[in-house]
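J.: Take a look at this one; I'll ask things after.
The values are calculated or read from the model by the stated rules, or taken from the named source; none is laboratory data. This is a predicted model, so every value here is computed, not measured. Counting neighbours? That spans all protein chains shown, and the Cβs are built from the backbone with ideal geometry, glycine included. Ligands, DNA and RNA are excluded from the accessible area calculation, which covers all protein heavy atoms including side chains. Shrake-Rupley method; radii C 1.70, N 1.55, O 1.52, S 1.80 Å.
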Amino acid sequence: MSDHFDVVVIGGGPAGYPAAIRAAQNKLSVACIDEWKNKDGAPAFGGTCLNAGCIPSKALLESTELVHRANHEFAAHGITTSNVSVDLGQMQKRKSGIVKTMTQGILALFKAAGVTPLQGHGKLLSGHRIEFTAHDGTKRELTAKNIILAAGSAPVELRSAPFQTPQIVDSWGALDFDSVPKRLGVIGAGVIGLELGSVWRRLGSEVVVLEALPDFLAIADQQLAKEALRHFKKLGLDVRLGAKVTGATIAGDAVDVTYTDAKGEQKLTVDRLVVAIGRRPYTQDLLGTETGVELDERGFIKVDHECRTGAEAIWAVGDCVRGPMLAHKGKEEGVMVADLIAGRFAEVNYKTVPSVIYTAPEIAWVGLTEEQVKAQGTAYKVGVFPFLASGRARAMEQAQGFTKLIAAKEDDEILGVHIIGPMAGELIAEAVLAMEYSASSEDLQRTIHAHPTLSEGLHEAALAVDKRAIDSINK
Ligand code: FAD
Ligand code: NAD
């Protein structure tokens, strides 16, 4: 096997593996190095997303949403169920099966595209050399014209509540519980806290979520955040805002947590504690000396808008560089870099990266929040359409939430779309495409949407911007 490649990618997560595939599609010789090992010791491509993030979390969200519906919605449909019971072992087995199929799928994609998979550790050395250490410890030196760093991220540890398995765990640990904790504490009401908090709440845990900030979902449009909080409370998630954790002590099989909030010192005892306060770039033993690659003050690999590091023909993509830590953002960066290497035109439009929180109701947005539009001083107009007025949402027994569209007053360009409701994560794709083409609300108003569909919500929200909604009262 050759030790020289046109492109070597270090990291086989959703940023790295698409970069490798696109580079191979561009007729370049490519190797992708990945060191991930699952808890059973088996190596697997796919990184955090496929093994311990997006995919297993969505598998459990789907299963537990079905449990919730069986218990709380079926009766409204006239379906009588008795003794809905959960086989957590089977639920976890299904999840693991999906993960295995998806991660093995990457090897099949590599084979079809002609990418050389190398499982083990990659370290960038000077002079476009890479030290590859296979899982059995054997070392090999590779050289490459171009090197793409896609090393990903790792969970942030909280000094006052360090990880201590099995009681104090990160998100990967929380995806693998083999029994439903009676009392579950979650530190951080971010995306992971809300998704995994929902999973275990639906299975019966009493869930308390401690969030340091005084505002709920501060990154989201606040009208949407307010609506979301109402639904999470209805589900029974006990979200405590302005809560700063000061300590966590293991007490037998439980954890005693102390925190302070506006009322002073507080105590909480839980059976399991999940720490989900964000992730940090992972660059451990990635860079040798004199590589020319620099890290910023937060440990991210420094790159420009095209993901070029300061070093010639060395690129970095995904969670290990600035920007939102999202699989699809990493994927687009990986593909962009592989095309730039091949001399093709490529760019990532960071203004249209969608965000989705896969709870029920689902939450999704793209572009600016109303608060951001206001802060930048742009005159704007807003249209909101409630799912209560959607025939399809009613038929689904999921008529909750709304679609909100913000457009510039001056030229009607869509500035942001915020959806909370059924299938919001799917619906947002239309808004992303519209914004990618700098569409106006009028463009959406004039686009035919099938009836009865949830997507009519976006159509009606666009009409509501000009007080021309048909199926809801214009305010
Ligand atoms: P990673 O997926 O972390 O992959 C990096 C890979 O590189 C890993 O396999 C790692 O082992 C390997 N590696 C690192 N250093 C080396 C080295 N020196 N040598 C060899 N290999 C190395 N995002 C979404 O968009 N949607 C979601 O629904 C979603 N859900 C999530 C749920 C959870 C619980 C978590 C934790 C995250 C979720 N994310 C989600 C975030 C998403 O997982 C990340 O944004 C994404 O995985 C980043 O991709 P990446 O390729 O940059 O890094
Ligand atoms: P996050 O940044 O989404 O949320 C972390 C939350 O913890 C924030 O609300 C923050 O204010 C709070 N926090 C920080 N320090 C705290 C402290 N000491 N005490 C209490 N609260 C504290 O991070 P996350 O939920 O850990 O997720 C990590 C990354 O994974 C995110 O970047 C996210 O985008 C990604 N992810 C995405 C999805 C998705 O796309 N659906 C799902 C899961 C994770």
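J.: Identify, from the list D170, D176, the residue that is within 26 Å of S63 (Cβ to Cβ), within 12 Å of ligand 1 (Cβ to nearest atom) and open to solvent by 50 Å² or more (accessible area, probe 1.4 Å). Talk me through it step by step, then tell me what you get.
T.: Working: D170 fails: open to solvent by 50 Å² or more (accessible area, probe 1.4 Å).
The conditions single out D176.
J.: Restricting to the stretch 282-319, count the residues that are open to solvent by 60 Å² or more (accessible area, probe 1.4 Å), part of a loop (DSSP other than H, G, I, E, B) and away from ligand 1 (no atom under 15 Å from the Cβ).
T.: Of the residues in the stretch 282-319, 9 are open to solvent by 60 Å² or more (accessible area, probe 1.4 Å), part of a loop (DSSP other than H, G, I, E, B) and away from ligand 1 (no atom under 15 Å from the Cβ).
J.: While we're on this one: Report yes if some residue within the stretch 248-266 is within 15 Å of ligand 1 (Cβ to nearest atom) and aliphatic (A, V, I, L, M); otherwise report no.
T.: no
J.: Please specify each residue of the stretch 430-451 satisfying the condition of being surrounded by 14 or more Cβ atoms within 10 Å (Cβ to Cβ) and not hydroxyl-bearing (S, T, Y). Steps first, please.
T.: In the first step, residues of the stretch 430-451 are kept if they are surrounded by 14 or more Cβ atoms within 10 Å (Cβ to Cβ); the result is 430-432, 434-435, 439-445, 447, 449.
Hits for the stretch 430-451 are E430, A431, V432, A434, M435, A439, E442, D443, L444, Q445, H449.
J.: Identify the residue in the stretch 179-214 that is of a type in the set (D, E, K, R) and closer than 24 Å to A225 by Cα and, among all such residues, is surrounded by the fewest Cβ atoms within 10 Å (Cβ to Cβ).
T.: Within the stretch 179-214, the first condition is being of a type in the set (D, E, K, R), and the residues that meet it are 182-183, 195, 201-202, 206, 211.
Narrowing further to those that are closer than 24 Å to A225 by Cα: 195, 201-202, 206, 211.
Details: E195: 21, R201: 22, R202: 25, E206: 16, E211: 24.
Among those residues, the one meeting the criterion is E206.
J.: Then there's this: Inspect all residues belonging to the stretch 246-264 and state whether any of them is away from ligand 2 (no atom under 11 Å from the Cβ), part of a loop (DSSP other than H, G, I, E, B) and touching a helix residue (DSSP H, G or I) at 6+ places or on another chain (Cβ under 9 Å).
T.: The answer is no; no qualifying residue exists.
J.: From the list E332, E306, E294, E265, pick out the single residue that is modelled with pLDDT of 95 or more and closer than 23 Å to H121 by Cα. Give the derivation first.
T.: Values: E332 fails: closer than 23 Å to H121 by Cα; E306 fails: closer than 23 Å to H121 by Cα; E265 fails: closer than 23 Å to H121 by Cα.
The conditions single out E294.
J.: So, one more: Within the set of pairs 6 or more residues apart or between chains, which connect a residue that is among the hydroxyl-bearing types (S, T, Y) inside the stretch 156-183 to a residue that is assigned to a loop (DSSP other than H, G, I, E, B) with Cβ atoms less than 6 Å apart?
T.: Partner pairs satisfying both residue conditions: S171/A276.
J.: Can you find even one residue in the stretch 30-45 that is buried (at least 18 other Cβ atoms within 10 Å of the Cβ) and either within 16 Å of G193 (Cα to Cα) or hydroxyl-bearing (S, T, Y) (or both)? Working first, answer last.
T.: So the first thing to find is which residues in the stretch 30-45 are buried (at least 18 other Cβ atoms within 10 Å of the Cβ), and the list is 30-36, 44-45.
Of the ones still in play, those that are also either within 16 Å of G193 (Cα to Cα) or hydroxyl-bearing (S, T, Y) (or both) are none.
No, the conditions are met nowhere in the stretch 30-45.
J.: When you scan the stretch 141-158, do you find a residue that is open to solvent by less than 30 Å² (accessible area, probe 1.4 Å), modelled with pLDDT of 95 or more and over 30 Å from the mean Cα position of the chain (by Cα), even just one?
T.: yes
J.: Give me the residue from the stretch 59-98 that is part of a helix (DSSP H, G or I) and hydroxyl-bearing (S, T, Y) and, out of that set, nearest to T359 (Cα to Cα).
T.: Applying the first criterion (part of a helix (DSSP H, G or I)) to the stretch 59-98 yields 59-72, 74-77, 88-98.
The next check asks that each one be hydroxyl-bearing (S, T, Y); those that pass are 63-64, 96.
Working: S63: 12, T64: 10, S96: 20 Å.
In this case the residue turns out to be T64.
J.: Related question: Would you tally the residues in the stretch 32-58 being within 13 Å of ligand 2 (Cβ to nearest atom) and in a helix (DSSP H, G or I)? Show your work before the answer.
T.: So the first thing to find is which residues in the stretch 32-58 are within 13 Å of ligand 2 (Cβ to nearest atom), and the list is 47-49, 52-58.
If we keep only those that are in a helix (DSSP H, G or I) too, we end up with 47-49, 52, 54-58.
Adding up the residues that qualify gives 9.
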